[in-house]
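Before any comments, here is the structure.
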Amino acid sequence: MDYKAIARRFRPKTFSEVTGQEAVVTTLRNAVLQKKASHAYLFTGIRGTGKTTLARIFAKALNCENLTSLGEPCNACPSCLEIMEGNSLDFIEIDGASNRGIDDIRNINETLGYRAIKGRFKIYLIDEVHMLTKEAFNALLKSLEEPPLNVKFFFATTEPLKVLPTIVSRCQRFDLTRISNFEIIKKLRSIAKEIKVEIEDEALATIARLSEGSLRDAESLFDQISCSTSDLITAPYILETVGFAQRSDFFALDEAFLKNDLTFAFTFAAKLFSSGKDITYFLENLLEHYRNLMLIQLKHLQLDDAFFSKEEKEGYLAGSTIYETAHLMHILDYLSDLIHQSSRPTYKKVHLEMILLHILQTKKRVVLESLVEKLSNLEKKTEIVYPIKEEIKPSLKEEIVLPLVKDESVKEDESVKEVVLEKKAPPSVRHDTVLRFAQVEFSGTLKKN
Ligand SMILES: [Zn+2]
């Protein structure tokens with residue numbers, strides 16, 4: 001038997017087999033059942049979310065001779081078979097990337113007048129429609145404005161913003177969503193069962209995570225991995241094979257942050273670098289790690305058994321208590337800037353060391369928000385004790401023995417003083433108190449770290 005890629009072999013043939021996209025599927029199915037299909041459809045979404053698959057099923061259903069009562073194509077009549085085999089004269093698939101010129105569209109326009117041969121409709125599917133030239137779009141527009149009754153246009157694109165608005169406005173538009181990890185895992189699990197590949201749940205979750213909502217990417221990755229071994233497939237094996245860092249590496253970084261262990265930056269960079277792993281991928285994964293920690297702190301992430309092993313759950317929960325929210329914000333900002341700026345540059349080991357050091361050094365940053373909060377609280381207290389200011393002065397004096405720490409971040413407290421001090425009088429006492437407090441707080445924070 002010929003080897004057939006998993007993505008092709010397990011491509012859905014009916015609406016009910018489509019993974020995710022329930023709303024779109026329902027609308028298309030109703031259009032078929034009620035015989036109320038528009039003359040143009042635009043399917044948008046990231047790669048591998050089912051745009052052309054849905055368009056094909058829809059085309060089959062519209063032209064099927066034995067449509068089921070649920071609006072599903074029969075997949076057995078001549079029309080269905082021809083569409084599935086890719087040799088239908090009524091369903092014409094055009095790759096917009098390689099047929100993007102005005103002449104290509106003119107060719108289409110010339111055939112519009114001919115009747116459908118087997119089915120009721122003549123259907124054109126233009127994939128990657130955003131690639132068409134402006135002239136081609138304009139030629140297409142003419143046909144869209146006055147299409148013959150039996151003609152339907154289906155467009156698919158990953159970049160809807162590049163499609164002329166006049167085209168978009170003439171289409172019924174469907175924005176396909178990323179497929180959830182849960183759905184991807186479910187699908188991969190059934191494929192694994194079917195092709196008799198042994199794979200751990202955690203490994204399925206890893207593939208889903210790496211595919212970021214693209215089912216096709218997930219299937220390709222699963223394909224690649226299942227071909228590379230006949231043993232049980234585990235998460236570490238996948239990460240090792242495709243060159244990604246493991247979550248345990250990130251938990252080790254959290255621990256280094258907690259312990260102020262700056263040497264971690266150097267030992268880890270050396271390890272990662274010698275493993276030959278893709279540094280940009282590593283950084284993207286690192287960003288995801290911090291994003292997860294942030295979401296856990298905000299109580300916005302459920303550590304679902306389907307996606308996280310017991311160790312990972314423990315690691316994340318521990319990690320989320322190590323960082324202050326402001327630290328996480330800073331690290332996330334820093335990493336996303338870093339990834340955003342660079343379109344996959346070649347990182348040297350020293351770059352990686354500096355990145356890790358920067359993250360570890362974040363701990364030394366004084367968190368402005370908590371300082372403001374403490375100052376405000378103090379202000380409330382001083383309001384009460386204000387009438388007996390002469391008596392509290394001596395006690396405060398004792399606290400001044402701490403040296404004023406020179407640090408860049410201390411500058412930030414100027415604004416804090418402004419905010420906290422306004423409108424309360426008399427300023428002299430308040431000013432002194434707040435200043436002393438800031439002094440104590442800063443030295444405390446810096447000392448502690
Ligand atoms: Zn059929």
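How compact and how long is the range 6-175, expressed as Rg and Dmax of its alpha-carbon atoms in Å?
Gyration radius and largest Cα-Cα distance of the range 6-175: 15.0, 43 Å.
Whole number please: convex hull volume per residue, Cα atoms of the range 208-336, in Å³.
Dividing the Cα hull volume of the range 208-336 by its residue count gives 123 Å³.
Apply 1/(1 + (r/R0)^6) to the Cβ-Cβ distance of residue 9 and residue 138, taking R0 = 60 Å, and write down the FRET efficiency to the nearest 0.05.
0.90
How would 298, 188, 62, 33 line up from fewest to most surrounding beta-carbon atoms within 10 angstrom?
Least to most surrounded, the residues fall as 298, 33, 62, 188.
Cross-link list 299/374; 51/193; 162/299; 259/310; 299/380; 13/186: which exceed 28 angstrom alpha carbon to alpha carbon?
Check vs 28 Å cut-off fails for 162/299; 299/380.
Can you give the alpha-carbon Rg of the range 181-242 over 2.2 N^0.38 Å, where N counts its residues?
0.95
Counting only C-alpha contacts under 8 Å and six or more residues apart, can you give the relative contact order of the range 6-175 as a whole percent?
After rounding, I find 29 percent.
In the range 1-61, which chymotrypsin sites (Phe, Trp or Tyr not before Pro) fall in coil by DSSP and have 14 or fewer other Cβ atoms within 10 Å?
3
Starting from the Cα-Cα distance between residue 381 and residue 109, subtract it from 0.36 nm times their residue separation and give me the gain in nm to one decimal.
Roughly 90.0 nm would be gained on extension.
Between residue 370 and residue 270, how many nm apart are label points set 7 Å from Cα along the C-beta direction?
So the label points at residue 370 and residue 270 sit 3.3 nm apart.
I'd like the Karplus ³J(HN,Hα) series for the range 182-190: coefficients 6.51, -1.76, 1.60, θ = phi - 60°, whole numbers in Hz, and an x wherever there's a Gly or Pro.
Residue by residue, the range 182-190 yields 4, 5, 4, 4, 4, 5, 4, 4, 6 Hz.
Where a number appears in this text, it was derived from the coordinates with a stated rule and is not lab data. Bear in mind the structure is a predicted one, so any value in this text is a computation, not a measurement. For neighbour counting, all protein chains shown are included, and Cβ atoms are generated from backbone atoms with ideal geometry for every residue, glycine included.
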